[in-house]
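The values are calculated or read from the model by the stated rules, or taken from the named source; none is laboratory data. As the structure is a prediction and not an experimental result, all values here were calculated from the model. So basically every Cβ, Gly included, is an ideal-geometry build from the backbone, and we count neighbours across all protein chains shown. For accessibility, only protein heavy atoms count, side chains too; no ligands or nucleic acids. Shrake-Rupley method; radii C 1.70, N 1.55, O 1.52, S 1.80 Å.
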Amino acid sequence: MIVEPKFVLALPISDEATLAAFVEQCITRNVSLIAVQGEGCERIEDEIDRLIVGDGTDDARFITTSSHPGETLEEALEFAMAWWVNADGPTEVVRL
């Protein structure tokens, strides 16, 4: 069975230049969810979506994303842990 990790990206990001490399690593690792929490999470989620889709020619580039404005890190983590895809898979908080 393939284990697909789930991540909660806690904002702020210290260097947004690291976001693209993080997304590529997530694609390589078959991450099933990137939940973004913190101030500006909706904008960062949109940027992650753009990075995942790229030029739109590779259907294999897919990760579900969510943003959690006004939620605590604990609430976003709880959401990710309950995410129905690979519900028993590991969930990590990531800071960039």
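Data for the structure
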{"read-out": "Which listed residue is free of Cβ contacts under 8 Å to residues at least 12 places away in the same chain and aliphatic (A, V, I, L, M), from V8, V23, V53", "value": "V53"}
{"read-out": "Residue satisfying all of: in region 53-94; part of a loop (DSSP other than H, G, I, E, B), under 16 Å from I27 (Cα atoms) and among the polar types (S, T, N, Q); nearest to the chain's Cα centre (by Cα) among these", "value": "N86"}
{"read-out": "Residues located in region 5-35, provided they are among the aliphatic types (A, V, I, L, M), over 15 Å from R95 (Cβ atoms) and in contact with an Asp or Glu (Cβ under 7 Å, 6 or more places away or on another chain)", "value": "V31"}
{"read-out": "Residue match in region 52-74 (condition: out of contact with any strand residue (DSSP E or B) (no Cβ under 7 Å at 6 or more places or on another chain), open to solvent by less than 70 Å² (accessible area, probe 1.4 Å) and of a type in the set (V, I, T))", "value": "yes"}
{"read-out": "Some residue of region 35-48 being open to solvent by less than 60 Å² (accessible area, probe 1.4 Å) and over 12 Å from L11 (Cβ atoms)", "value": "no"}
{"read-out": "Top-ranked residue of region 1-52 - restricted to ones that are part of a helix (DSSP H, G or I) and among the basic types (K, R), ranked as farthest from H68 (Cα to Cα)", "value": "R50"}
{"read-out": "Selection within region 1-31 - among the small types (G, A, S), touching a Lys or Arg at 6+ places or on another chain (Cβ under 9 Å) and open to solvent by 10 Å² or more (accessible area, probe 1.4 Å)", "value": "S14"}
